[in-house]
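One structure below.
The values are calculated or read from the model by the stated rules, or taken from the named source; none is laboratory data. Quick caveat: nothing in here was measured; it's all calculated off a predicted structure. Cβ placement follows ideal geometry from the backbone for every residue including glycine, while neighbour counts extend to all protein chains displayed.
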């Protein structure tokens, strides 16, 4: 009898812990959500969690449109599991395209850098990953620091509607921003003075092109967050707590490690 009672207590404790995480498995093996129906309805109004994945940022997503992988894919699938709904991943080659797709109502969840222009449309969580925005210049350039960039006659190549495009649009006063689908390609083709971008892909570019160099230190910190459309208040609140749990549990760190992104940093806990 004592052994039976202990076993029952262990099972009850395990069940309670599983419910606390947001989902349990039924006897048939299907995942059943224990999240509030109001939250599920806001985050997955069609019955499927529709998620935008930006393959244009190699830190957050890798692979192909048919088989994406990376920390954002891991987070999307874990969220769908918690909500007890199927997940549909739609890939984009640029953050701006993912943002526009969410605005059009085609996606429920986006992974974007926090920016004021986007925050008018997106209810963001706190960041889950911190990455760096840096400049690359020709090797013989007289530009040696971020402060040297904002000068008349300097042309900065950026990916259109990227986080660093939005940031530089707000902060650059004298230099000219040149926007295109591929900032690096435009920088090379048009022989521009500077290209701005995420540190990891630009580091790979510098490594394979000895005629260019990276400027240190970074010119911006890029705070990557999850988000849903403004007005989904219950869903947004749940999403915020989900991200904090994923950071605290090591889930985000493990996702970065699995996708070979050691230079990206897990964001600190959100401030109360």
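A few points about this structure:
- Hits in the range 180-210 (condition: more than 18 Å from residue 57 (Cβ to Cβ) and out of contact with any strand residue (DSSP E or B) (no Cβ under 6 Å at 6 or more places or on another chain)): 188, 189, 190, 191, 207, 208, 209, 210
Okay, residues lined up against (1) over 24 Å from residue 180 (Cα atoms); (2) at pLDDT 95 or above; (3) touching a helix residue (DSSP H, G or I) at 6+ places or on another chain (Cβ under 8 Å); (4) buried (at least 23 other Cβ atoms within 10 Å of the Cβ):
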{"residue": "67", "(1), (2), (3), (4)": "yes, yes, no, no"}
{"residue": "89", "(1), (2), (3), (4)": "yes, yes, yes, no"}
{"residue": "98", "(1), (2), (3), (4)": "no, yes, no, yes"}
{"residue": "113", "(1), (2), (3), (4)": "no, yes, yes, yes"}
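- Test result for residue 49, surrounded by 17 or more Cβ atoms within 10 Å (Cβ to Cβ), under 22 Å from residue 258 (Cβ atoms), touching a residue at least 60 places away in the same chain (Cβ under 8 Å) and more than 16 Å from the chain's Cα centre (by Cα): yes
- Some residue of the range 157-167 being more than 30 Å from residue 268 (Cα to Cα) and either buried (at least 17 other Cβ atoms within 10 Å of the Cβ) or out of contact with any helix residue (DSSP H, G or I) (no Cβ under 9 Å at 6 or more places or on another chain) (or both): yes
- With respect to the conditions (1) surrounded by fewer than 19 Cβ atoms within 10 Å (Cβ to Cβ); (2) in contact with a strand residue (DSSP E or B) (Cβ under 6 Å, 6 or more places away or on another chain); (3) not assigned by TED's automatic domain parsing to the domain that holds residue 262, residue 230 falls short on a single one, namely (3).
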